[in-house]
1. Can you pull out every residue in the stretch 170-203 that is in a helix (DSSP H, G or I), polar (S, T, N, Q) and out of contact with any helix residue (DSSP H, G or I) (no Cβ under 6 Å at 6 or more places or on another chain)?
2. Considering only residues that are within 16 Å of ligand 1 (Cβ to nearest atom), part of a loop (DSSP other than H, G, I, E, B) and touching an Asp or Glu at 6+ places or on another chain (Cβ under 9 Å), which ones fall in the stretch 66-88?
3. Which of the numbered conditions does LEU390 fail, given that it passes all the others? Conditions: (1) surrounded by fewer than 18 Cβ atoms within 10 Å (Cβ to Cβ); (2) at pLDDT 95 or above; (3) in contact with a Leu (Cβ under 8 Å, 6 or more places away or on another chain).
4. Can you tell me which residue in the stretch 329-347 is farthest from ligand 1 (Cβ to nearest atom), limited to those that are touching a residue at least 60 places away in the same chain (Cβ under 8 Å) and surrounded by fewer than 16 Cβ atoms within 10 Å (Cβ to Cβ)?
5. Suppose we filter PHE21, PHE38 for residues that are touching a residue at least 60 places away in the same chain (Cβ under 8 Å) and either among the charged types (D, E, K, R) or in a helix (DSSP H, G or I) (or both); which single one remains?
6. Could you grab me the full set of residues in the stretch 74-89 that are surrounded by fewer than 14 Cβ atoms within 10 Å (Cβ to Cβ) and either free of Cβ contacts under 8 Å to residues at least 24 places away in the same chain or under 14 Å from PHE105 (Cβ atoms) (or both)?
7. Which residue out of GLY125, GLY150, GLY146 is over 22 Å from SER36 (Cβ atoms), part of a loop (DSSP other than H, G, I, E, B) and touching a residue at least 60 places away in the same chain (Cβ under 8 Å)?
Amino acid sequence: MTYQYWDKETETLPRGDLEAFQLSSLRAAVVRAFGSPFYAARLAEAGIGGPEDFRTQADLRRIPFTTKGDLRAAFPYGMLAVPKDEIIRLHASSGTTGVPTTIYFAKKDLERWSSYVARSIYSTGCTRSDVFQNMITYGLFTGGLGFHYGAEEVGMLVIPSGPGNTARQFRLMKDFGTTVVHATPSFLLHVQSKMEEEGVARSELALRKAFAGAEPYSEDTRRRIEKLLAVDVYNSYGLSEMNGPGVAFECQAKDGMHLWEDGYIAEIVDPDTLEVLPEGETGELVLTILCREATPILRYRTRDLTSFYTEVCPCGRTHRRIRRITGRTDDMLIINGVNVFPSQIEEVIMAMGEVGNNYLIVVEKDGALDRLTVKTEVGPDIFMDDARPLNALRERIRKTLQASISINPHVELHEPGALPVSEGKAKRVVDSRPKDV
Ligand code: ADP
Ligand code: ZN
């Protein structure tokens, strides 16, 4: 395979040079951080006087972690490090886990962000000849405008369709010859399951690639989308605290996401002890942004669980790859004392061919115990009025799940299209148990 690079020199920078660049960028980021009320106090408290305290990469560990709670407490301007007149845009996180947080961008910050997204898009083999349909929510959410400007920078024709209305999505794809789409993996599966209903044949579409991100999904879900839609799917990772998309992205090798280390310093820590883990071990990703001036954020605890690859990627990029995010530390469900990540359930059901494209995990109280119900749609080839094969399928799902998560779930089968679909991030878990007080 021939690999293409947006900025070959930076993307293939020898590790030593890359780390030296990170250290000097970190010093500059610390100087800027002192300009924000939050970090002026936080860094002083930690006994950090200025950039001279950072002589090696390991000195980064002197900086205390920043959490989502810190960002909320500093709302609205406590993290701002430049005069208000210099900021020209704000974005907010989607608030999956509570009150949203706000990030501000100066003009140069937006230009840099676009260049990271452009680099990511280009690394998947796209060029200016591609037609890009951005089927993700625009607005405060970073996925819309973030990809929009990055794709324009590559020179693609950008169709700012946003999500929703699958009939209109198909019409746009046909009218303008869309070759690349971006969406959440759950929306991609939804679009695919509407194809037949909308009377669209795959041969009428010019689709080649899809970028899928913003929510966790398994390798089996990727394979499912690739098979059903006949496209190459690339994993895209980002979060609004770190700009949004363009933090880590799969290249043409489609095996792990290159985390752009000239823009971010990544650490993986044990979520309990907060100690930095040996390379290759799974833990919580902690990120420091080097490529944004208006809102510096140092050692941000993402809550996302992943690990570094220890091998070099065949594409030749020197920026380290992270593995698919398996979930957030705060996603974990404790069901009758057993720890379960929703991703474990997804992995089992999406690997089964008879299971359809959508599922929902329900946890509720049943007397003193917890009760787990996994609702899945069945594939289009399964008849809902034929009880025998349905019962057999239900039983097979139950047994396979039990073997994998050590909990005996109830399994409910639903017709294709019966379970709720979200236009943004999918809501996969409904937990109605009373919260501990
Ligand atoms: P919120 O934190 O409110 O959901 P964001 O829109 O900033 O706000 O979402 C960022 C989060 O989305 C990440 O921290 C991660 O948990 C999840 N996410 C984004 N991309 C991916 C991906 N490719 N795989 C798994 N999870 C992802
Ligand atoms: Zn690569």
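1. Keep residues of the stretch 170-203 that are in a helix (DSSP H, G or I), which gives 170-176, 185-194, 202-203.
From the residues that got through so far, the ones that are polar (S, T, N, Q) too are 186, 192-193, 203.
Within the stretch 170-203, SER186, SER193, SER203 qualify.
2. MET79
3. In the conditions (1) surrounded by fewer than 18 Cβ atoms within 10 Å (Cβ to Cβ); (2) at pLDDT 95 or above; (3) in contact with a Leu (Cβ under 8 Å, 6 or more places away or on another chain), LEU390 misses (2) alone.
4. ASN336
5. Values: PHE38 fails: touching a residue at least 60 places away in the same chain (Cβ under 8 Å).
Just a single option satisfies the conditions, and that option is PHE21.
6. PRO83, LYS84, ASP85, ILE88
7. On the way: GLY150 fails: part of a loop (DSSP other than H, G, I, E, B); GLY146 fails: part of a loop (DSSP other than H, G, I, E, B).
Of GLY125, GLY150, GLY146, the one residue that is over 22 Å from SER36 (Cβ atoms), part of a loop (DSSP other than H, G, I, E, B) and touching a residue at least 60 places away in the same chain (Cβ under 8 Å) is GLY125.
Here is a yes/no grid of residues against (1) acidic (Asp, Glu); (2) within 25 Å of MET352 (Cα to Cα); (3) modelled with pLDDT of 95 or more:
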{"site": "THR179", "(1), (2), (3)": "no, no, yes"}
{"site": "ALA201", "(1), (2), (3)": "no, yes, yes"}
{"site": "ALA210", "(1), (2), (3)": "no, yes, yes"}
{"site": "PRO216", "(1), (2), (3)": "no, yes, no"}
{"site": "ARG223", "(1), (2), (3)": "no, yes, yes"}
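The values are calculated or read from the model by the stated rules, or taken from the named source; none is laboratory data. Just so we're clear, the structure is a prediction, and the values are computed from it rather than from any experiment. Glycine gets a Cβ as well: all are built from the backbone with ideal geometry, and neighbour counts include every protein chain shown.
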